[in-house]
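Undergrad: A single structure is presented below for examination.
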Amino acid sequence: MPDEFSGSYRVDPRIRRVREGDIEAVVELVHGLAEYERLTHECELTADRLRSALFAPEPALFGHVAEVDGEVVGFTLWFLNFSTFRGSHGIYLEDLFVRQDRRGTGLGRALLTELAEECVRRGYARLEWSVLNWNDPAIGFYTSLGAAPLGEWSVFRLTDDALTALGSGG
């Protein structure tokens, strides 16, 4: 069965879809991202969890890797969202990360370009993501591509005890 989200228009040969053999490398990079974002205490991703999410019979998570000389050095993990105002799907980029020693080589841009191409090919209305307010290098990079912060919006999240309480009728 062909992959619904395979990129047949790929411009940069360093970017491709995540394969099962990439799982360990992507997990390692996710933990590197958590360290960079000072959130290692929140990072619980394991290879089994990622494999289950990406390669389920009907996956809700998708990903790409940046590969240089046979080594995975960057990744994106993303899923579909839906804009009720636009009446169209979009892509929510959960994470994008390129190893420190490979930054400045165009890999971050190539990973985002792949997702933008996915949106264009499928008629999706938007590509969006969150960035930590203190992450000036990422903010500068994203704005250089034409992305704009949504200053009038705040991100809310339920996790842990608050999620359990609400989900348990509390």
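The values are calculated or read from the model by the stated rules, or taken from the named source; none is laboratory data. Bear in mind the structure is a predicted one, so any value in this text is a computation, not a measurement. Note that each Cβ is placed from the backbone with ideal geometry, even for glycine, and that neighbours are counted across all protein chains shown.
Undergrad: Kindly indicate which of Ala66, Ala147, Ala165 is more than 22 Å from Leu29 (Cα to Cα) and touching a helix residue (DSSP H, G or I) at 6+ places or on another chain (Cβ under 9 Å).
TA: Ala147
Undergrad: Would you check which residues across region 100-115 are more than 12 Å from the chain's Cα centre (by Cα) and of a type outside the set (Asp, Glu) and list them?
TA: Gln100, Arg102, Arg103, Gly104, Thr105, Gly106, Leu107, Arg109, Ala110, Thr113
Undergrad: Another question about this same structure. Return yes or no: is Arg38 loosely packed, with under 15 Cβ neighbours inside 10 Å, touching a residue at least 24 places away in the same chain (Cβ under 8 Å) and either under 13 Å from the mean Cα position of the chain (by Cα) or not in a helix (DSSP H, G or I) (or both)?
TA: no
Undergrad: From the list Arg121, Arg126, Arg109, which one is within 21 Å of Leu33 (Cβ to Cβ), charged (D, E, K, R) and surrounded by 11 or more Cβ atoms within 10 Å (Cβ to Cβ)?
TA: Arg109
Undergrad: I've got another one for you. Going through region 47-82 one residue at a time, which ones are assigned to a loop (DSSP other than H, G, I, E, B), surrounded by 11 or more Cβ atoms within 10 Å (Cβ to Cβ) and not aromatic (Phe, Trp, Tyr)?
TA: Pro59, Leu61 - these are the residues of region 47-82 that are assigned to a loop (DSSP other than H, G, I, E, B), surrounded by 11 or more Cβ atoms within 10 Å (Cβ to Cβ) and not aromatic (Phe, Trp, Tyr).
Undergrad: Something else: Which residues, counting only those in region 136-161, are small (Gly, Ala, Ser) and either more than 16 Å from Asp95 (Cβ to Cβ) or outside any loop (DSSP other than H, G, I, E, B) (or both)?
TA: Ala138, Gly140, Ser144, Gly146, Ala148, Gly151, Ser154
Undergrad: On to the next question. Out of Glu24, Glu67, which single residue is farther than 25 Å from Thr143 by Cβ and in contact with a Lys or Arg (Cβ under 9 Å, 6 or more places away or on another chain)? Break it down into steps so the answer makes sense when it comes.
TA: Numbers: Glu24 fails: in contact with a Lys or Arg (Cβ under 9 Å, 6 or more places away or on another chain).
Residue meeting the stated conditions: Glu67.
Undergrad: Taking Arg38 and the conditions (1) closer than 29 Å to Gly140 by Cβ; (2) among the charged types (D, E, K, R); (3) touching a helix residue (DSSP H, G or I) at 6+ places or on another chain (Cβ under 9 Å), which numbered condition does it fall short on, given that it satisfies the others?
TA: Failed condition: (3).
Undergrad: Then there's this: Being at pLDDT below 95 and under 17 Å from the mean Cα position of the chain (by Cα) narrows it down to one of Phe5, Phe97, so name that one.
TA: Of the residues listed, the single one that is at pLDDT below 95 and under 17 Å from the mean Cα position of the chain (by Cα) is Phe5.
Undergrad: Taking region 130-170 as the region of interest, how many residues are of a type in the set (Asp, Glu) and in contact (Cβ under 8 Å) with a residue 60 or more places away in the chain?
TA: Taking region 130-170 as the starting set, the residues that turn out to be of a type in the set (Asp, Glu) are 136, 152, 160-161.
This time we only want the ones that are in contact (Cβ under 8 Å) with a residue 60 or more places away in the chain, so: none.
Residues in region 130-170 being of a type in the set (Asp, Glu) and in contact (Cβ under 8 Å) with a residue 60 or more places away in the chain: 0 in total.
Undergrad: Filter region 8-35 for residues that are surrounded by fewer than 16 Cβ atoms within 10 Å (Cβ to Cβ), modelled with pLDDT under 95 and not aliphatic (A, V, I, L, M) and give the result.
TA: Ser8, Tyr9, Asp12, Pro13 - these are the residues of region 8-35 that are surrounded by fewer than 16 Cβ atoms within 10 Å (Cβ to Cβ), modelled with pLDDT under 95 and not aliphatic (A, V, I, L, M).
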